[in-house]
1. Restricting attention to region 168-190, does a residue exist that is in contact (Cβ under 8 Å) with a residue 12 or more places away in the chain, in the same structural domain as residue 38 (by TED's automatic domain parsing), part of a loop (DSSP other than H, G, I, E, B) and farther than 22 Å from residue 34 by Cα?
2. State whether one or more residues within region 200-210 are under 21 Å from the mean Cα position of the chain (by Cα), over 30 Å from residue 23 (Cα atoms) and surrounded by fewer than 19 Cβ atoms within 10 Å (Cβ to Cβ).
3. Please pick out the residue among 135, 81 that is in the same structural domain as residue 156 (by TED's automatic domain parsing), touching a helix residue (DSSP H, G or I) at 6+ places or on another chain (Cβ under 9 Å) and surrounded by 20 or more Cβ atoms within 10 Å (Cβ to Cβ).
4. Every residue in region 103-160 that is free of Cβ contacts under 8 Å to residues at least 24 places away in the same chain and either on the phi > 0 side of the Ramachandran plot or in contact with a strand residue (DSSP E or B) (Cβ under 7 Å, 6 or more places away or on another chain) (or both), please.
5. Taking the criterion of being touching a helix residue (DSSP H, G or I) at 6+ places or on another chain (Cβ under 7 Å), more than 30 Å from residue 21 (Cβ to Cβ) and in contact (Cβ under 8 Å) with a residue 60 or more places away in the chain, would at least one residue in region 43-56 satisfy it?
6. Based on this model, can you work out whether residue 214 counts as surrounded by 17 or more Cβ atoms within 10 Å (Cβ to Cβ) and in contact with a strand residue (DSSP E or B) (Cβ under 8 Å, 6 or more places away or on another chain)?
7. From 53, 108, 41, which residue is modelled with pLDDT of 95 or more, farther than 30 Å from residue 233 by Cα and within 18 Å of the chain's Cα centre (by Cα)?
8. Keeping to region 1-34, report how many residues are crowded, with 17+ Cβ neighbours inside 10 Å, assigned to a loop (DSSP other than H, G, I, E, B) and in contact with a helix residue (DSSP H, G or I) (Cβ under 6 Å, 6 or more places away or on another chain).
């Protein structure tokens, strides 16, 4: 497994792989890998011949009072896990190689990002779409794998790829949970024992839902009673993030809530 640090070297590596007839897959991450990330890597291995995992804690998607400086990092462990799962390249650029001084160009999606996480985290998705576009330009993949846990993000990336004519297939892999039901997240390590027990109210509530018994207030109250501070509870069309109608095939129920200082997101999709 190779570790690449610069955009130019990554581009050249991908060109060589493509000339060798290989289909290139990428899994963009911010590192501190867990089994959820590794399930994306395994999915990429099924869909591609040459797999790249990017590890880059992207500063532009963090707000001024969010946890950029404290975001967990363990690069050596991440590389070991990638090697175990058959990754060909770990692309881990430095911020200075990804963002030039006084850069002024951004990639912005203006519809799907207006609500849910976009409402409570201004400019978050501007940072996400910009960095993913830059990672795509560095890795030059044929296919990219994202996780259903970040359901809104996956929809935004699909829209960006469609609207900007990226020749990339976007795959969305299922959400992976801990044994107790908590959605896997690098931020779970911030939770105290008591906060983690309370946070289970989110998955318990979501996993008990049915299409004929959906009420955002009930979900909100269940999490609040467990000691969570709800950011949002949204019931939306899973394909468009629009309002649910009689024609809606899949319903997305998405939650963001704080337990202590830690913000967690989770969701379920209810199909007909």
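1. Checked against the condition, which is being in contact (Cβ under 8 Å) with a residue 12 or more places away in the chain, in the same structural domain as residue 38 (by TED's automatic domain parsing), part of a loop (DSSP other than H, G, I, E, B) and farther than 22 Å from residue 34 by Cα, region 168-190 yields at least one hit.
2. Kept after step one, since they are under 21 Å from the mean Cα position of the chain (by Cα), are these residues of region 200-210: 200, 202-203, 206-207.
Then drop every residue that is not over 30 Å from residue 23 (Cα atoms), which leaves 200, 202-203, 206-207.
Subset that is surrounded by fewer than 19 Cβ atoms within 10 Å (Cβ to Cβ): 200, 207.
Yes, the conditions are met somewhere in region 200-210.
3. Working: 81 fails: surrounded by 20 or more Cβ atoms within 10 Å (Cβ to Cβ).
One residue alone meets the criteria, 135.
4. Matches in region 103-160: 154, 158.
5. The answer is no, given that none of the residues of region 43-56 is touching a helix residue (DSSP H, G or I) at 6+ places or on another chain (Cβ under 7 Å), more than 30 Å from residue 21 (Cβ to Cβ) and in contact (Cβ under 8 Å) with a residue 60 or more places away in the chain.
6. Values: surrounded by 17 or more Cβ atoms within 10 Å (Cβ to Cβ): no; in contact with a strand residue (DSSP E or B) (Cβ under 8 Å, 6 or more places away or on another chain): yes.
No: the conditions fail for residue 214.
7. None of the other options fit; the residue is 53.
8. So the count comes out to 3.
The values are calculated or read from the model by the stated rules, or taken from the named source; none is laboratory data. The structure presented is a predicted model; accordingly, all values stated were derived computationally and were not measured. Backbone-built Cβ (ideal geometry, glycine too); neighbour counts: all protein chains shown.
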